[in-house]
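Novice: I'd like to ask you about the structure that follows.
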Amino acid sequence: MATKQADYVLGHTSAEQQRLIRQARVLAPLTERFLRDAGISSGMHVLDIGCGMGDVTMIAAQLVGSTGKVTSIDLDQASIGTAQKRAAAFGFENTSFVHADIAEYKAPNPFDAIIGRLVLQFVSDPIAIIKRLCGMLRPGGILALQEPTWKLWLTYTAHLPLRLAATTVARDAFQAGGASTEMEQQLYQGFIAAGLREPQLRVELPVGNSPEFRSLLPDLLAALMPNIMSKSLSVGHLGDLNTLKDRLEQELDSQNSFACYVALIGAFGRR
């Protein structure tokens with residue numbers, strides 16, 4: 001989690017850390033392509049906000065190479081510790097990790113680029129944070145952010161009644177916890193308010209059928225379950241939760257269908 005301004009509906013357990021790592025493996029190709037297109041390249045000094053388990057940090061570290069460096073911040077100390085150990089284990093010596101809130105972090109020097117994935121959805125005023133981030137960029141520096149938009153996920157799941165119901169419960173749990181599930185307008189408006197030149201937006205919908213990809217939804221729902229219970233959200237229509245994962249699998253098989261996941265709305269622009 002990147003900031004204390006809003007609730008973090010997923011918690012910080014060791015099980016959640018492992019879920020985030022599995023999720024990151026699926027999202028990695030989309031994020032790497034997005035960062036390349038945004039202009040992240042060799043020699044840059046990059047700030048990764050809300051780094052979590054460090055997966056986006058490591059993508060950026062590979063892109064900037066040994067002549068560049070990535071500074072990563074997160075509000076959760078346990079996440080910082082895990083990310084630091086993982087980066088070291090994978091041999092990324094061009095990374096550093098700082099326990100900090102993006103609403104308060106002060107950069108010692110301007111960055112060539114600032115990046116983040118699935119972070120500002122948890123911030124109460126993302127436009128203000130975008131403007132603040134822009135102030136930490138050098139002239140010509142890049143801001144590149146990926147945030148969620150659930151509409152495509154729901155649309156492409158409409159032919160699968162059980163999966164649609166489970167996805168809707170997950171979406172409702174995020175909203176009940178104060179997270180934003182449709183970030184396209186806030187990203188665009190934030191980039192414009194920050195004075196970034198010609199911001200570019202794109203949407204990518206992760207689609208797959210591997211066992212790991214199929215597991216993303218039930219794993220997410222399980223992580224959200226404490227929040228779902230505390231907010232008294234209805235789950236009775238999902239049936240026995242102990243068999244939900246198997247029934248979601250059976251539905252995909254019976255419909256000969258692929259699974260999909262939350263779409264990423266990406267925005268990038270230059271100061």
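Laboratory data are not the source of any read-out in this text; all were calculated from the coordinates shown. Predicted, not measured: the structure shown is a model, and the values here were computed from it. Here the Cβ positions follow ideal geometry from the backbone for every residue, glycine too, while neighbour counts run over all protein chains shown.
Novice: Compute the relative contact order of the chain as a whole-number percentage, counting only Cα pairs closer than 8 Å that sit 6 or more residues apart in sequence. Kindly include the intermediate steps, with their values, before the conclusion.
Specialist: Details: 512 pairs, mean separation 60.8, N = 271.
Once normalised by length, the contact order is 22 percent.
Novice: Considering only the other residues whose Cβ falls under 10 Å of the Cβ of Gln175, what net charge follows from Lys and Arg at +1 and Asp and Glu at -1?
Specialist: Summing Lys/Arg as +1 and Asp/Glu as -1 gives 0.
Novice: List the aspartates and glutamates whose Cα sits under 20 Å from the Cα of Lys85, skipping any in the same chain fewer than 8 residues away.
Specialist: Candidates past the 8-residue exclusion: Glu16, Asp48, Asp55, Asp74, Asp76, Glu93.
Novice: Near Lys151, which lysines are there with a Cα under 23 Å away, not counting those fewer than 8 places off in the same chain?
Specialist: Lys231, Lys245
Novice: Sticking with this one: If you add up the charges near Arg271, with Lys and Arg at +1 and Asp and Glu at -1, over every other residue whose beta carbon is less than 9 angstrom from its beta carbon, what do you get?
Specialist: +3
Novice: Relative contact order of region 24-168, please, whole-number percent, based on alpha carbon pairs below 8 angstrom and at least 6 residues apart.
Specialist: 22
Novice: Under a point spin-label approximation (7 Å from Cα along Cα-to-Cβ), what is the Lys131-Asp253 distance to one decimal in nm?
Specialist: 5.4
Novice: Would you mind telling me the antiparallel percentage of the DSSP bridges in the chain, rounded to 5?
Specialist: Of the beta bridges lying entirely in the chain, close to 45 percent run antiparallel.
Novice: Starting from the Cα of Lys131, draw a straight line to each of the lysines and keep only those under 25 Å, dropping any in the same chain fewer than 8 residues away.
Specialist: Straight-line reach from Lys131, under 25 Å: Lys4, Lys69, Lys106.
Novice: Another one. Excluding Ile73 itself, what net charge comes from residues whose Cβ is under 12 Å from its Cβ, given Lys and Arg +1 and Asp and Glu -1?
Specialist: Here the charged neighbours net out to -4.
Novice: Amide H neighbours of Ile114 under 5 Å, counting only residues 5+ apart in sequence or on other chains, H built in-plane at 1.01 Å?
Specialist: Hits under the 5 Å cutoff: Leu47, Ile142, Leu143, Ala144.
Novice: Right, something else. What residues from region 71-103 fall in the zone where the backbone N is under 16 Å from a label point 7 Å along the Cα-to-C-beta line of His12?
Specialist: 73-85, 97-103
Novice: Still on this structure: Would you kindly state how much longer the chain becomes between Leu241 and Val26 on full extension, computed as 0.36 nm times their sequence separation minus their alpha carbon distance, in nm to one decimal?
Specialist: Roughly 75.0 nm would be gained on extension.
Novice: Ok, one more. Can you show me the helix-derived [θ] at 222 nm for the chain, built from DSSP H runs with n ≥ 4 at -39,500 (n - 2.57) apiece and divided by the number of residues, rounded to the nearest 500.
Specialist: Per the formula, -14000 deg cm²/dmol.
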